[in-house]
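First comes the structure, then the notes that go with it.
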Amino acid sequence: MRLLRARWLLAAAAVCAGLAGFWIARELDREAPQLASGTWLPQAKPVIDFQLTDTAGRAFTRRDLAGAPTLVFFGFTHCPDVCPTTLVKLAQVRRRAAITGLRVLFVSVDPQRDTPAPLGQYVHAFDPQFQGLTGDPKTIERLAANFAVAVQRVELPGGDYTMDHSAVVFVLDDAARIVAVFTPPFDVAALSADLARAAPWLGTHARATT
């Protein structure tokens, strides 16, 4: 009798251990969505406090980033190739991922030329829903450093200049935290699928729609 009871106890313990292992594996999996074309950060990184200006001339701060997931890209309107190519793809991604409230935010690294009006014309040519930010160069420099974006002004013959910068798409959750990064080459289908897969981790209101 004792032997039979011991066997039942061992069997029950094995079942409990199996269920516990399944639960732990499920929870671990929930903590890190598997991305095919990007990297989910092991720990979310908060965006620093800042104040810049949007394309309508209004103040835009970290608080305005909260409440919805956001794709952030640093660039400039005089960029000859990388920026326009990336924005074309992000316009497609925003539609294909079909995530409730998903925003695309373009932060200018060339505030000297990218004032609100021309910046607005530029970003809205790719998607009327895109948002653009410009403003104080020092603030942009600090924000770029917070995102680990390298920016350098390069002088050109004849007195003109261009801007070298990191070409990275950052994913922010609805708490204004950097949770994932995507680097070139950007594939629209893969990026869209990754974002749809990550939607449950982007906030309480973010979800992929069909």
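For the pair residue 62 and residue 164 in one chain, pulling the backbone fully straight at 0.36 nm per residue adds 34.2 nm over the alpha carbon distance. Extension gain, residue 32 to residue 153: 0.36 nm times the residue separation minus the Cα-Cα distance gives 39.9 nm. The residues of the stretch 60-204 expose on average 42 square angstrom of accessible surface per residue, using a 1.4 Å probe on protein heavy atoms. Remark: the residue 44-residue 146 segment gains 35.5 nm on full extension, using 0.36 nm per residue and subtracting the alpha carbon distance. For the stretch 124-210, with equal point scatterers placed on the C-alpha atoms only and solvent neglected, what are the log10 I(q)/I(0) values from the Debye formula at q = 0.16, 0.21 1/Å, to two decimals? Calculated log10 I(q)/I(0) at the listed q: -0.89, -1.29.
The values are calculated or read from the model by the stated rules, or taken from the named source; none is laboratory data. Because the structure is a prediction, the values reported are computed rather than measured. SASA here: full protein model, heavy atoms, side chains in, ligands and nucleic acids out. Shrake-Rupley method; radii C 1.70, N 1.55, O 1.52, S 1.80 Å.
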